[in-house]
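Below is one structure, written out as structure tokens; the observations come after it.
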Amino acid sequence: MTLANQLTLLRMCLVPGLVILLVYGFYGWALIVFFVAGVTDALDGFFARIRNERTELGTMLDPLADKLLVTSSLIALSLPSESLTVRIPAWIAILSISRDAGILLAVLVFNLVIARRSFPPSLLGKATTTIHLVMILWVIGCNYLQTDHPATAYLLGATAVLVVASALHYLFWLQKILSNEAGA
């Protein structure tokens, strides 16, 4: 197994611990675990490129690990809790998770019904994942400091806008691919 894939699996293994830390209000430790998970995300791609270790397994595991990290964090930080100073609004969590579920379902159906094909993430999709990670890190940090900041509303708003924009972009992209497949 490649180093890049090992780092991706490590990120996936960190998720349950992160969720436990968030649910029980250990935000300092949660910051550390989330930061380590973010570093493994950056390093797995870096090592895959410089060591020429791109694998089919890695192309499936990496986005899955990202979705697992983001989705779990969104749920844990949107649940009602007395220990949360700053909470992610449930509607943002639902919007984000619905987008990801829709993308995963569309890729699955396409691969099962039409043809096996990989779907690399778009630049807008990568930006959406990045804003999710930044927003989640910010919210954990605010909860660790037990304070809110006006920037929170802007981060939440930017996240919502990018989620909707990337969902529409993926729908347009899928429709274009389907049209090309039908015409071929």
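Scanning region 1-60 for residues that are touching a helix residue (DSSP H, G or I) at 6+ places or on another chain (Cβ under 8 Å), among the acidic types (D, E) and over 25 Å from M135 (Cβ atoms) gives a single hit, E53.
Scan region 113-135 and give yes if some residue there is out of contact with any Leu (no Cβ under 6 Å at 6 or more places or on another chain), among the hydrophobic types (A, V, I, L, M, F, W, C) and closer than 22 Å to V33 by Cβ, otherwise no. Yes; the residues of region 113-135 include at least one that is out of contact with any Leu (no Cβ under 6 Å at 6 or more places or on another chain), among the hydrophobic types (A, V, I, L, M, F, W, C) and closer than 22 Å to V33 by Cβ. You will find that of T2, T59, the residue that is surrounded by fewer than 18 Cβ atoms within 10 Å (Cβ to Cβ) and touching an Asp or Glu at 6+ places or on another chain (Cβ under 6 Å) is T2 and no other.
Listed here are the residues, each with its yes/no results for (1) without any contact (Cβ under 8 Å) to a residue 12 or more places away in the chain; (2) under 21 Å from S83 (Cβ atoms).
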position	(1), (2)
L9	no, no
M12	no, no
L21	no, yes
A30	no, yes
F35	no, yes
V39	yes, no
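In region 78-115, the residue that is modelled with the lowest pLDDT out of those that are within 20 Å of E181 (Cβ to Cβ), surrounded by fewer than 16 Cβ atoms within 10 Å (Cβ to Cβ) and touching a helix residue (DSSP H, G or I) at 6+ places or on another chain (Cβ under 9 Å) is A115. Within region 113-150, track down each residue that is of a type in the set (S, T, N, Q) and either without any contact (Cβ under 8 Å) to a residue 60 or more places away in the chain or closer than 21 Å to P63 by Cβ (or both). Within region 113-150, S118, S122, T128, T129, T130 qualify. Somewhere in region 126-140, is a residue surrounded by fewer than 17 Cβ atoms within 10 Å (Cβ to Cβ) and closer than 17 Å to V107 by Cα? Yes. Would region 33-44 turn up any residue that is over 12 Å from I136 (Cβ atoms) and surrounded by fewer than 14 Cβ atoms within 10 Å (Cβ to Cβ)? Yes, there is a match, as at least one residue in region 33-44 is over 12 Å from I136 (Cβ atoms) and surrounded by fewer than 14 Cβ atoms within 10 Å (Cβ to Cβ). Within the option set A160, A106, A153, being assigned to a helix (DSSP H, G or I), without any contact (Cβ under 8 Å) to a residue 40 or more places away in the chain and among the small types (G, A, S) holds for one residue only, A153.
The values are calculated or read from the model by the stated rules, or taken from the named source; none is laboratory data. The model shown is predicted, which means the values in this text are computed figures rather than measured ones. Counting neighbours? That spans all protein chains shown, and the Cβs are built from the backbone with ideal geometry, glycine included.
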